[in-house]
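Take a look at the structure below.
The values are calculated or read from the model by the stated rules, or taken from the named source; none is laboratory data. Keep in mind that what you see is a predicted model, and the values were worked out from it rather than measured. Ideal geometry is used to build each Cβ from the backbone, glycine not excepted, and the neighbour counts take in all protein chains shown. Keep in mind that these areas ignore ligands, DNA and RNA; they rest on the heavy atoms of the full protein, side chains included. Shrake-Rupley method; radii C 1.70, N 1.55, O 1.52, S 1.80 Å.
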Amino acid sequence: MSEQSFEEMLNETLKTIRTGEVVTGKVIDVKPDSILLNIGYKSDGIINKADYSADQSIDLTAVVKVGDELEAKVKKLNDGEGLVSLSYKEIMDDKNNQKVKDAFENKEVVTGKVEKVVNGGLAVLYEGARVFVPASLVSDTFERDLSKYEGQEIEFIITEFNPAKRRVIGDRKQLIAEKKAAAKKALLDSIAVGDVIDGTVKNIADFGAFVDLGGADGLLHISEMGWGRTESPKKAFKSGETIRVMIKEIKDDKIALTRKFPDENPWVLALTKYAVGNVVTGKVARLADFGAFINLEPGIDALLHVSQISAERIAKPADVLKVGDEVTAKVTDLNAAEKKISLSVKALTAPARKPKPEKKVEEDIVDAYTDSEETEE
(Lines give C-alpha, C1' and ligand atoms only; values in the text may rest on other atoms or scores of the structure.)
Protein backbone atom coordinates (compact mmCIF):
# COMPACT_ATOMS: atom_id res chain seq x y z
CA MET A 1 0.00 0.00 0.00
CA SER A 2 1.52 3.25 -1.08
CA GLU A 3 1.77 6.13 1.32
CA GLN A 4 -0.24 9.30 0.59
CA SER A 5 1.59 12.55 0.19
CA PHE A 6 0.82 15.45 2.54
CA GLU A 7 -0.82 17.31 -0.31
CA GLU A 8 -3.07 14.36 -1.07
CA MET A 9 -4.09 14.03 2.53
CA LEU A 10 -4.73 17.77 2.73
CA ASN A 11 -6.88 17.68 -0.37
CA GLU A 12 -8.99 14.93 1.18
CA THR A 13 -9.80 17.21 4.10
CA LEU A 14 -10.84 20.06 1.79
CA LYS A 15 -14.24 20.16 0.18
CA THR A 16 -14.76 19.83 -3.55
CA ILE A 17 -16.58 22.48 -5.49
CA ARG A 18 -17.91 22.83 -9.01
CA THR A 19 -18.86 25.64 -11.36
CA GLY A 20 -22.26 27.18 -10.57
CA GLU A 21 -22.17 26.07 -6.95
CA VAL A 22 -22.91 28.54 -4.17
CA VAL A 23 -20.20 28.66 -1.52
CA THR A 24 -19.71 30.60 1.71
CA GLY A 25 -16.37 32.14 2.52
CA LYS A 26 -14.71 34.41 5.06
CA VAL A 27 -13.09 37.63 3.86
CA ILE A 28 -9.32 37.49 4.40
CA ASP A 29 -8.35 40.56 2.37
CA VAL A 30 -10.11 43.54 0.80
CA LYS A 31 -8.87 45.95 -1.83
CA PRO A 32 -10.82 48.76 -3.53
CA ASP A 33 -11.47 46.57 -6.57
CA SER A 34 -11.33 42.97 -5.22
CA ILE A 35 -12.20 40.74 -2.26
CA LEU A 36 -10.25 37.59 -1.26
CA LEU A 37 -12.14 34.81 0.55
CA ASN A 38 -11.23 31.58 2.28
CA ILE A 39 -13.85 29.17 0.96
CA GLY A 40 -12.44 25.94 2.52
CA TYR A 41 -11.01 24.86 -0.79
CA LYS A 42 -7.45 24.24 -1.84
CA SER A 43 -7.50 27.67 -3.51
CA ASP A 44 -8.91 30.92 -2.18
CA GLY A 45 -11.74 32.62 -3.96
CA ILE A 46 -11.70 36.12 -5.46
CA ILE A 47 -14.58 38.53 -6.16
CA ASN A 48 -13.71 41.35 -8.52
CA LYS A 49 -15.59 44.65 -8.40
CA ALA A 50 -17.63 43.81 -11.52
CA ASP A 51 -18.72 40.55 -9.85
CA TYR A 52 -19.72 42.31 -6.64
CA SER A 53 -21.96 45.13 -7.90
CA ALA A 54 -23.26 46.77 -11.05
CA ASP A 55 -22.13 50.07 -9.54
CA GLN A 56 -18.56 50.44 -10.78
CA SER A 57 -17.98 53.57 -8.70
CA ILE A 58 -18.10 51.55 -5.51
CA ASP A 59 -15.02 51.16 -3.27
CA LEU A 60 -15.15 47.61 -1.89
CA THR A 61 -13.18 48.58 1.23
CA ALA A 62 -16.10 50.82 2.18
CA VAL A 63 -18.69 48.01 2.10
CA VAL A 64 -16.75 44.87 3.12
CA LYS A 65 -14.24 44.22 5.92
CA VAL A 66 -11.93 41.36 6.86
CA GLY A 67 -13.80 38.70 8.81
CA ASP A 68 -17.13 39.19 7.01
CA GLU A 69 -18.84 36.11 5.62
CA LEU A 70 -20.13 36.23 2.05
CA GLU A 71 -22.04 33.90 -0.19
CA ALA A 72 -20.88 33.70 -3.78
CA LYS A 73 -21.40 31.63 -6.90
CA VAL A 74 -18.48 29.78 -8.48
CA LYS A 75 -17.74 31.12 -11.96
CA LYS A 76 -14.41 29.36 -12.68
CA LEU A 77 -12.32 26.98 -10.62
CA ASN A 78 -9.21 28.74 -11.82
CA ASP A 79 -9.15 32.37 -12.83
CA GLY A 80 -5.78 31.94 -14.50
CA GLU A 81 -3.86 32.94 -11.41
CA GLY A 82 -4.73 29.95 -9.24
CA LEU A 83 -7.75 31.54 -7.58
CA VAL A 84 -11.39 30.53 -7.77
CA SER A 85 -13.39 33.18 -9.63
CA LEU A 86 -16.54 34.00 -7.65
CA SER A 87 -19.60 36.21 -8.19
CA TYR A 88 -21.40 37.87 -5.31
CA LYS A 89 -23.52 39.85 -7.77
CA GLU A 90 -25.13 36.72 -9.23
CA ILE A 91 -26.19 35.60 -5.77
CA MET A 92 -27.70 38.99 -5.05
CA ASP A 93 -29.29 39.13 -8.49
CA ASP A 94 -30.98 35.80 -7.80
CA LYS A 95 -32.22 36.99 -4.42
CA ASN A 96 -33.30 40.34 -5.79
CA ASN A 97 -35.05 38.72 -8.71
CA GLN A 98 -37.05 36.70 -6.22
CA LYS A 99 -38.00 39.89 -4.35
CA VAL A 100 -38.99 41.54 -7.62
CA LYS A 101 -40.96 38.45 -8.62
CA ASP A 102 -42.78 38.46 -5.27
CA ALA A 103 -43.58 42.17 -5.64
CA PHE A 104 -44.90 41.52 -9.15
CA GLU A 105 -47.07 38.56 -8.14
CA ASN A 106 -48.43 40.30 -5.01
CA LYS A 107 -48.94 43.65 -6.80
CA GLU A 108 -46.97 45.40 -4.07
CA VAL A 109 -46.29 49.11 -4.08
CA VAL A 110 -42.49 49.41 -4.11
CA THR A 111 -40.00 52.27 -3.97
CA GLY A 112 -36.97 52.60 -6.20
CA LYS A 113 -34.39 55.24 -7.05
CA VAL A 114 -34.35 56.71 -10.55
CA GLU A 115 -30.89 55.85 -11.85
CA LYS A 116 -31.20 57.86 -15.04
CA VAL A 117 -33.55 59.13 -17.74
CA VAL A 118 -33.38 56.85 -20.76
CA ASN A 119 -34.96 56.97 -24.18
CA GLY A 120 -38.68 56.64 -23.63
CA GLY A 121 -38.78 56.59 -19.84
CA LEU A 122 -36.96 56.08 -16.55
CA ALA A 123 -34.43 53.45 -15.45
CA VAL A 124 -35.17 52.71 -11.79
CA LEU A 125 -33.18 50.55 -9.38
CA TYR A 126 -35.24 48.36 -7.08
CA GLU A 127 -33.55 45.73 -4.92
CA GLY A 128 -30.59 45.70 -7.30
CA ALA A 129 -32.81 45.09 -10.32
CA ARG A 130 -33.30 47.61 -13.10
CA VAL A 131 -36.93 48.47 -13.70
CA PHE A 132 -38.04 50.40 -16.78
CA VAL A 133 -40.89 52.86 -16.27
CA PRO A 134 -42.12 54.04 -19.71
CA ALA A 135 -42.78 57.77 -20.11
CA SER A 136 -46.47 57.03 -20.62
CA LEU A 137 -46.60 55.37 -17.19
CA VAL A 138 -44.60 57.95 -15.23
CA SER A 139 -47.62 60.16 -14.49
CA ASP A 140 -51.32 60.45 -15.20
CA THR A 141 -50.57 63.50 -17.35
CA PHE A 142 -48.06 63.71 -20.18
CA GLU A 143 -44.64 64.98 -19.12
CA ARG A 144 -42.26 65.98 -21.87
CA ASP A 145 -39.25 66.57 -19.59
CA LEU A 146 -38.47 63.69 -17.23
CA SER A 147 -35.13 65.03 -16.04
CA LYS A 148 -36.64 66.25 -12.77
CA TYR A 149 -37.02 62.62 -11.67
CA GLU A 150 -33.34 61.76 -11.98
CA GLY A 151 -31.93 60.77 -8.58
CA GLN A 152 -35.39 60.84 -6.99
CA GLU A 153 -37.11 57.95 -5.22
CA ILE A 154 -40.48 57.07 -6.72
CA GLU A 155 -43.26 54.63 -5.91
CA PHE A 156 -44.60 52.25 -8.52
CA ILE A 157 -45.97 48.77 -9.08
CA ILE A 158 -44.36 46.09 -11.23
CA THR A 159 -46.67 45.16 -14.08
CA GLU A 160 -44.33 42.90 -16.05
CA PHE A 161 -41.55 40.58 -14.91
CA ASN A 162 -39.51 38.56 -17.41
CA PRO A 163 -35.98 37.88 -16.06
CA ALA A 164 -35.07 35.71 -19.06
CA LYS A 165 -35.40 38.76 -21.30
CA ARG A 166 -34.26 41.11 -18.53
CA ARG A 167 -37.57 42.90 -18.92
CA VAL A 168 -39.11 44.42 -15.80
CA ILE A 169 -41.75 47.12 -16.31
CA GLY A 170 -42.98 49.54 -13.65
CA ASP A 171 -46.14 51.63 -13.57
CA ARG A 172 -46.40 54.87 -11.56
CA LYS A 173 -49.41 56.27 -13.40
CA GLN A 174 -51.79 53.73 -11.90
CA LEU A 175 -50.79 54.66 -8.36
CA ILE A 176 -51.21 58.38 -8.99
CA ALA A 177 -54.67 57.80 -10.50
CA GLU A 178 -55.73 55.67 -7.52
CA LYS A 179 -54.47 58.23 -5.00
CA LYS A 180 -56.24 61.06 -6.82
CA ALA A 181 -59.47 59.09 -6.95
CA ALA A 182 -59.29 58.43 -3.20
CA ALA A 183 -58.49 62.08 -2.45
CA LYS A 184 -61.34 63.23 -4.69
CA LYS A 185 -63.83 60.95 -2.95
CA ALA A 186 -62.65 62.17 0.44
CA LEU A 187 -63.11 65.79 -0.66
CA LEU A 188 -66.56 65.22 -2.16
CA ASP A 189 -67.64 63.49 1.06
CA SER A 190 -66.50 66.46 3.14
CA ILE A 191 -67.89 69.48 1.24
CA ALA A 192 -71.39 70.83 0.66
CA VAL A 193 -73.00 73.62 -1.34
CA GLY A 194 -72.44 76.91 0.45
CA ASP A 195 -69.13 75.92 2.04
CA VAL A 196 -66.38 78.55 1.78
CA ILE A 197 -62.89 77.07 1.39
CA ASP A 198 -59.42 78.02 0.17
CA GLY A 199 -58.09 76.68 -3.12
CA THR A 200 -55.10 77.11 -5.39
CA VAL A 201 -55.49 78.44 -8.92
CA LYS A 202 -54.29 75.66 -11.19
CA ASN A 203 -55.12 76.54 -14.80
CA ILE A 204 -56.61 79.69 -16.30
CA ALA A 205 -58.66 79.82 -19.50
CA ASP A 206 -60.68 82.53 -21.24
CA PHE A 207 -63.91 81.10 -19.79
CA GLY A 208 -62.70 80.72 -16.21
CA ALA A 209 -60.17 79.17 -13.83
CA PHE A 210 -59.69 75.67 -12.45
CA VAL A 211 -59.03 75.72 -8.72
CA ASP A 212 -57.37 72.85 -6.83
CA LEU A 213 -59.42 72.24 -3.70
CA GLY A 214 -57.10 69.58 -2.29
CA GLY A 215 -58.26 66.38 -3.93
CA ALA A 216 -60.28 67.68 -6.86
CA ASP A 217 -60.51 70.70 -9.13
CA GLY A 218 -63.46 73.06 -9.20
CA LEU A 219 -64.41 75.41 -12.03
CA LEU A 220 -64.67 79.11 -11.25
CA HIS A 221 -66.51 80.45 -14.31
CA ILE A 222 -65.77 83.98 -15.48
CA SER A 223 -69.35 84.97 -14.60
CA GLU A 224 -68.78 83.85 -10.98
CA MET A 225 -65.47 85.60 -10.31
CA GLY A 226 -67.10 88.39 -8.34
CA TRP A 227 -70.14 90.63 -8.17
CA GLY A 228 -68.46 92.92 -10.66
CA ARG A 229 -67.80 92.18 -14.31
CA THR A 230 -64.53 90.31 -15.03
CA GLU A 231 -63.07 91.13 -18.41
CA SER A 232 -60.20 88.62 -18.37
CA PRO A 233 -59.57 85.73 -15.92
CA LYS A 234 -55.86 85.86 -16.77
CA LYS A 235 -55.71 89.44 -15.53
CA ALA A 236 -57.77 88.70 -12.43
CA PHE A 237 -55.80 85.68 -11.19
CA LYS A 238 -52.45 83.96 -11.59
CA SER A 239 -51.49 80.28 -11.40
CA GLY A 240 -50.41 79.16 -7.94
CA GLU A 241 -52.39 81.89 -6.20
CA THR A 242 -54.47 80.91 -3.15
CA ILE A 243 -58.04 82.24 -3.29
CA ARG A 244 -61.22 81.97 -1.22
CA VAL A 245 -64.14 80.35 -3.05
CA MET A 246 -67.63 79.12 -2.24
CA ILE A 247 -69.12 75.82 -3.41
CA LYS A 248 -71.96 76.78 -5.75
CA GLU A 249 -72.95 73.39 -7.11
CA ILE A 250 -71.87 69.74 -6.91
CA LYS A 251 -73.06 67.53 -9.75
CA ASP A 252 -71.68 63.99 -9.76
CA ASP A 253 -67.91 64.62 -9.53
CA LYS A 254 -68.02 68.14 -10.99
CA ILE A 255 -67.71 71.12 -8.69
CA ALA A 256 -68.86 74.63 -9.64
CA LEU A 257 -67.39 77.52 -7.65
CA THR A 258 -68.26 81.16 -7.09
CA ARG A 259 -66.78 84.25 -5.51
CA LYS A 260 -70.13 85.98 -5.28
CA PHE A 261 -70.29 85.81 -1.49
CA PRO A 262 -73.76 86.71 -0.13
CA ASP A 263 -72.38 89.08 2.50
CA GLU A 264 -70.68 91.08 -0.26
CA ASN A 265 -73.77 91.35 -2.50
CA PRO A 266 -73.96 95.04 -3.54
CA TRP A 267 -77.70 94.73 -4.30
CA VAL A 268 -78.48 94.31 -0.58
CA LEU A 269 -78.18 98.10 -0.08
CA ALA A 270 -79.32 99.06 -3.57
CA LEU A 271 -82.86 100.04 -2.49
CA THR A 272 -81.40 102.79 -0.34
CA LYS A 273 -78.35 103.84 -2.36
CA TYR A 274 -80.10 103.87 -5.73
CA ALA A 275 -83.65 104.85 -4.84
CA VAL A 276 -85.66 106.59 -7.56
CA GLY A 277 -84.79 110.30 -7.58
CA ASN A 278 -81.25 109.85 -6.24
CA VAL A 279 -78.45 111.44 -8.24
CA VAL A 280 -75.57 109.02 -8.79
CA THR A 281 -72.20 108.96 -10.55
CA GLY A 282 -70.60 106.09 -12.43
CA LYS A 283 -68.40 105.23 -15.37
CA VAL A 284 -69.39 104.02 -18.83
CA ALA A 285 -68.68 100.27 -18.84
CA ARG A 286 -69.90 99.44 -22.35
CA LEU A 287 -71.93 100.92 -25.17
CA ALA A 288 -74.81 99.56 -27.24
CA ASP A 289 -76.95 101.10 -29.97
CA PHE A 290 -79.85 101.55 -27.54
CA GLY A 291 -77.85 103.08 -24.69
CA ALA A 292 -74.88 102.96 -22.34
CA PHE A 293 -74.30 100.74 -19.32
CA ILE A 294 -72.99 102.75 -16.38
CA ASN A 295 -71.04 100.95 -13.69
CA LEU A 296 -72.06 102.43 -10.34
CA GLU A 297 -69.97 99.98 -8.25
CA PRO A 298 -68.62 96.44 -8.67
CA GLY A 299 -71.63 94.27 -9.44
CA ILE A 300 -74.10 97.04 -10.25
CA ASP A 301 -74.58 98.41 -13.76
CA ALA A 302 -77.38 100.76 -14.73
CA LEU A 303 -78.85 101.50 -18.15
CA LEU A 304 -78.70 105.00 -19.53
CA HIS A 305 -81.04 104.79 -22.52
CA VAL A 306 -80.06 106.72 -25.64
CA SER A 307 -83.17 108.85 -25.23
CA GLN A 308 -82.04 109.89 -21.73
CA ILE A 309 -78.45 110.86 -22.49
CA SER A 310 -79.28 114.42 -23.45
CA ALA A 311 -82.18 116.80 -23.90
CA GLU A 312 -81.14 116.93 -27.54
CA ARG A 313 -81.78 114.02 -29.88
CA ILE A 314 -78.79 111.62 -30.19
CA ALA A 315 -78.50 109.02 -32.92
CA LYS A 316 -76.31 106.65 -30.93
CA PRO A 317 -74.53 106.75 -27.54
CA ALA A 318 -71.07 106.46 -29.10
CA ASP A 319 -71.55 109.94 -30.64
CA VAL A 320 -71.22 111.56 -27.21
CA LEU A 321 -69.86 108.90 -24.85
CA LYS A 322 -66.95 106.49 -24.68
CA VAL A 323 -65.99 103.68 -22.31
CA GLY A 324 -64.48 105.09 -19.13
CA ASP A 325 -66.33 108.42 -19.23
CA GLU A 326 -67.73 109.54 -15.90
CA VAL A 327 -71.48 110.19 -15.94
CA THR A 328 -73.76 111.80 -13.35
CA ALA A 329 -77.46 110.99 -13.71
CA LYS A 330 -80.74 110.66 -11.86
CA VAL A 331 -82.23 107.27 -11.00
CA THR A 332 -85.57 107.01 -12.79
CA ASP A 333 -86.40 103.37 -12.13
CA LEU A 334 -85.19 100.58 -9.81
CA ASN A 335 -86.12 96.91 -9.89
CA ALA A 336 -83.93 95.18 -7.29
CA ALA A 337 -85.54 91.77 -7.90
CA GLU A 338 -84.44 91.83 -11.54
CA LYS A 339 -81.28 93.81 -10.73
CA LYS A 340 -82.20 96.64 -13.12
CA ILE A 341 -81.64 100.36 -12.70
CA SER A 342 -82.54 103.07 -15.22
CA LEU A 343 -80.79 106.43 -15.33
CA SER A 344 -81.39 109.77 -16.99
CA VAL A 345 -78.97 112.62 -17.63
CA LYS A 346 -81.74 114.38 -19.45
CA ALA A 347 -83.73 114.66 -16.20
CA LEU A 348 -80.90 116.74 -14.74
CA THR A 349 -80.35 119.00 -17.72
CA ALA A 350 -83.87 119.58 -19.12
CA PRO A 351 -85.45 122.81 -17.85
CA ALA A 352 -88.37 122.40 -15.47
CA ARG A 353 -91.78 122.86 -17.10
CA LYS A 354 -93.56 125.98 -15.81
CA PRO A 355 -97.10 125.38 -14.53
CA LYS A 356 -99.87 127.03 -16.57
CA PRO A 357 -101.09 130.21 -14.72
CA GLU A 358 -104.63 130.13 -13.42
CA LYS A 359 -107.12 132.54 -15.02
CA LYS A 360 -108.94 135.07 -12.93
CA VAL A 361 -112.56 134.26 -12.00
CA GLU A 362 -113.86 137.14 -14.11
CA GLU A 363 -111.93 135.94 -17.14
CA ASP A 364 -113.23 132.42 -16.62
CA ILE A 365 -116.83 133.71 -16.54
CA VAL A 366 -116.33 135.83 -19.65
CA ASP A 367 -114.72 132.94 -21.47
CA ALA A 368 -117.47 130.61 -20.48
CA TYR A 369 -120.13 133.13 -21.55
CA THR A 370 -118.45 133.82 -24.85
CA ASP A 371 -118.21 130.11 -25.53
CA SER A 372 -121.89 129.75 -24.75
CA GLU A 373 -122.91 132.54 -27.17
CA GLU A 374 -120.83 131.06 -29.96
CA THR A 375 -122.54 127.76 -29.40
CA GLU A 376 -126.00 129.24 -29.68
CA GLU A 377 -125.16 130.96 -32.96
Given charges at Cβ of Lys, Arg, Asp, Glu: the stretch 185-270 dipole, positive-most of G214, T230, T258: T230
Using a Förster distance of 41 Å, the FRET efficiency for S139-D59 (Cβ separation, nearest 0.05): 0.70
Cα→Cβ-extended label distance, 7 Å offset, between V66 and N119, nm: 4.9
Listed residues V138, A336, A50: farthest to the positive end of the dipole of the chain (Cβ charges): A50
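Rounded to the nearest 500, what is the 222 nm mean residue ellipticity of the chain from helices alone, with -39500 (n - 2.57) per DSSP H run of 4+ residues and division by all residues?
Values: 7 runs with 73 residues, N = 377.
Calculated mean residue ellipticity at 222 nm is -6000 deg cm²/dmol.
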q = 0.26 Å⁻¹: log10 I(q)/I(0) that the Debye formula gives for the stretch 164-217, counting C-alpha atoms only: -1.07
Whole-percent pair-distance distribution, where bins are 10 Å wide, for the alpha carbons of the stretch 176-248: 20, 50, 26, 5
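State, as an integer percentage, the relative contact order of the stretch 152-280 based on alpha-carbon contacts under 8 Å between residues 6 or more apart. All intermediate terms of the calculation are to be shown ahead of the outcome.
Numbers: 199 pairs, mean separation 25.4, N = 129.
This gives 20 percent for the stretch 152-280.
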Residue-normalised accessible area of the stretch 17-141, given per residue in Å² at a 1.4 Å probe: 53
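If you place +1 on the Cβ of every Lys and Arg, -1 on the Cβ of every Asp and Glu, and leave all else neutral, what size is the dipole of the chain about its Cα centre, to the nearest 20 Debye? Please list the in-between numbers first.
On the way: 55 positive and 66 negative charges, 142 e Å.
Charge dipole of the chain: 680 debye, to the nearest 20.
Return the carbon/sulfur percentage of the accessible area of the chain, one whole number, probe 1.4 Å, all protein chains in place.
Values: 11720 of 23830 Å².
The nonpolar share, carbon plus sulfur, comes to 49 percent.
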Residue-normalised accessible area of the stretch 177-246, given per residue in Å² at a 1.4 Å probe: 57
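Rounded to two decimal places and with Rh computed the Kirkwood way over Cα pairs, what is Rg over Rh for the stretch 219-264?
Numbers: Rg = 11.0 Å, Rh = 11.4 Å.
Ratio of gyration radius to Kirkwood radius: 0.96.
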GNM result for the chain, Cα springs below 10 Å: residue of S190, S232, S57 fluctuating most strongly: S57
Over the stretch 240-286, relative contact order from alpha-carbon pairs under 8 Å, at least 6 apart, %: 22
Rounded FRET efficiency, nearest 0.05, which uses the C-beta distance separating K148 from E21 and R0 of 35 Å: 0.15
GNM top mover of K234, K148, K184 - the chain, alpha-carbon springs below 10 Å: K148
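What whole-number value in cubic angstrom gives the convex hull volume per residue for the C-alpha atoms of the stretch 125-277?
Values: hull volume 22.9 nm³, N = 153.
Spread over its residues, the Cα hull of the stretch 125-277 gives 149 Å³ apiece.
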Gyration tensor over alpha-carbon atoms, the chain, equivalent ellipsoid semi-axes in Å: 97, 18, 15
Length-normalised contact order of the stretch 119-177 in % [C-alpha pairs under 8 Å, at least 6 apart]: 35
Rounded to the nearest 20 debye, dipole of the stretch 249-293 from Cβ charges on Lys, Arg, Asp, Glu: 200
Stretchable slack from T242 to K254, in nm (0.36 nm times residue separation minus alpha-carbon distance): 2.3 nm
